[in-house]
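A.B. asks: Mind having a look at this structure? Questions to follow.
The values are calculated or read from the model by the stated rules, or taken from the named source; none is laboratory data. Source: prediction; values computed, not measured. We place every Cβ from the backbone using ideal geometry, glycine too, and count neighbours over all the protein chains shown. Remember, those area values only see protein heavy atoms, side chains included, never the ligands or the DNA or RNA. Shrake-Rupley method; radii C 1.70, N 1.55, O 1.52, S 1.80 Å.
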Amino acid sequence: MFIRNTYLVVVVFLALLYNGKGAKEQLMHTKNEIEHHIKVHHPGKGQNNIEDAVLVEVKDKKGLPVSYYMDVESVICYENLCKIVPVRIFWNTIGEYQKYELSKGVALEKYEGEPYTNEDYTKTQKILLDKDSPFKSIRIDEILTTVKSHDIVDAVAGETLLELNKDDTVDGASLTCYTLWHWAHGAVVGKIRNITAATFKDKEYIAYVNSANKQKQLFAIAYVNEQKRYSKDVVAAVIHQTLENDELTRYTIQYIEKGSVDMYLSTLKTFIAKGKTKLRVATLNSLLNANVKLSSNYITEVSLGVSRNINFQEIALFIRVLQHKKEAVTNTSLENLVPLLDKDILISRSVYWFLKDQRLSKPQQKILDNFAKRHKDQL
């Protein structure tokens, strides 16, 4: 639906503490709060505008981060024509938006000073929780336009027609929603993740990998990869959780590819033997493209794992691996493929054409010849 977004967010800036005390005390933090002076960009302020900000890290008794918050502007204000409501944005340890709060006595307003209702506050929270909100791809000039009044450029009260679903914005406060959404999901998220990662040791990463939270798992795997952490316990945790949840597959493969060759090959063998289809396919793709030497014993063991858990995509990939690593192919590894001639025709035909070019034992050749006779019309 088309929403008329011609409004000016004008509220009185009450410089009060969140506990109602003076502004000077508001800048003070408890012992478990650490200020990080960072530089951030907000798309509402232009492409090249970088500004200073204070991100506060909240630590537990062990000195580990438990959350973050930052005081931000509720609206991008041009030409100093509007007063700005300070809003406190909260994130968890991996930069996921959690909530927003206002100072005591401060309220958000909509077009022409209309106050936010309780429903508006609830809706704003819902909008900010949506990582895929339309505000992600909307430019600020699509929300407002500039007009001239008495020789003053007013970049806030301009008229615009913006196509947004009513569930995606607070009517009369799209600029506020836009501003707060980009604070919540913008450049500060990467800052938070880096700060958290800088405090983590193997123990903390393992705890995140073993958590039931997928985003924490992905965060941990990404940063143990970046920091090249390959202790036995970290690797074991990553392997175990990836076998349980193949949504971690891409990140885990990237991680093990950067480790030692022995660890890499051992992990791939485990994934082929115990993994689900998505993980096995990714594993075979990695093995196909890896610039590593494979031993005959390794190929034989992998061939056994592939033959036990197979679909057409997997066998096609494994045959390509064998064609690239011809020197490692043994009679035993070929023997492990022979039973696949009894699978469905797509799999068995692929195996047939591969085996046809190999040096087979007499029993193997006999089985292959019999297969060719039975399926001559399908080859």
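The rows are residues; the columns are (1) farther than 24 Å from Val302 by Cβ; (2) among the small types (Gly, Ala, Ser).
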{"site": "Asp202", "(1), (2)": "yes, no"}
{"site": "Ala207", "(1), (2)": "yes, yes"}
{"site": "Lys232", "(1), (2)": "no, no"}
{"site": "Ala237", "(1), (2)": "no, yes"}
{"site": "Leu243", "(1), (2)": "no, no"}
{"site": "Arg250", "(1), (2)": "no, no"}
{"site": "Asp262", "(1), (2)": "no, no"}
{"site": "Leu268", "(1), (2)": "no, no"}
{"site": "Lys278", "(1), (2)": "no, no"}
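A.B. asks: Restrict the check to the stretch 42-56 and report whether at least one residue is open to solvent by 60 Å² or more (accessible area, probe 1.4 Å), modelled with pLDDT of 85 or more and not β-branched (Val, Ile, Thr).
C.D. replies: Among the residues of the stretch 42-56, at least one is open to solvent by 60 Å² or more (accessible area, probe 1.4 Å), modelled with pLDDT of 85 or more and not β-branched (Val, Ile, Thr), which makes the answer yes.
A.B. asks: Condition (residue is open to solvent by 50 Å² or more (accessible area, probe 1.4 Å), within 30 Å of Thr252 (Cα to Cα) and touching a residue at least 12 places away in the same chain (Cβ under 8 Å)) applied to the stretch 284-292: is it met by at least one residue?
C.D. replies: Yes, some residue in the stretch 284-292 is open to solvent by 50 Å² or more (accessible area, probe 1.4 Å), within 30 Å of Thr252 (Cα to Cα) and touching a residue at least 12 places away in the same chain (Cβ under 8 Å).
A.B. asks: Identify, please: which residue in the stretch 315-357 is part of a helix (DSSP H, G or I) and acidic (Asp, Glu) and is, among those, nearest to Lys278 (Cα to Cα)?
C.D. replies: Result: Asp342.
A.B. asks: Taking the stretch 204-240 as the search range and keeping residues that are in a helix (DSSP H, G or I) and small (Gly, Ala, Ser), which one is surrounded by the most Cβ atoms within 10 Å (Cβ to Cβ)? Working first, answer last.
C.D. replies: Initial filter on the stretch 204-240 (in a helix (DSSP H, G or I)): 204-209, 214-226, 232-240.
Those still in the list that are small (Gly, Ala, Ser) too: 207, 220, 222, 236-237.
Working: Ala207: 14, Ala220: 30, Ala222: 16, Ala236: 13, Ala237: 22.
For the stretch 204-240, the residue satisfying everything is Ala220.
A.B. asks: Output the number of the condition that Thr270 fails; it satisfies all remaining conditions of (1) part of a loop (DSSP other than H, G, I, E, B); (2) under 30 Å from the mean Cα position of the chain (by Cα).
C.D. replies: (1)
A.B. asks: Given the condition at pLDDT 95 or above, open to solvent by 80 Å² or more (accessible area, probe 1.4 Å) and among the acidic types (Asp, Glu), answer yes or no: does some residue in the stretch 136-147 qualify?
C.D. replies: No; the residues of the stretch 136-147 include none that is at pLDDT 95 or above, open to solvent by 80 Å² or more (accessible area, probe 1.4 Å) and among the acidic types (Asp, Glu).
A.B. asks: Give me the pairs: first residue in the stretch 92-109 and on the phi < 0 side of the Ramachandran plot and without any contact (Cβ under 8 Å) to a residue 24 or more places away in the chain, second residue in a strand (DSSP E or B) and open to solvent by less than 30 Å² (accessible area, probe 1.4 Å), beta-carbon distance under 8 Å, and six or more apart or on different chains, which are they?
C.D. replies: Leu102/Pro86; Leu102/Val87; Leu102/Arg88
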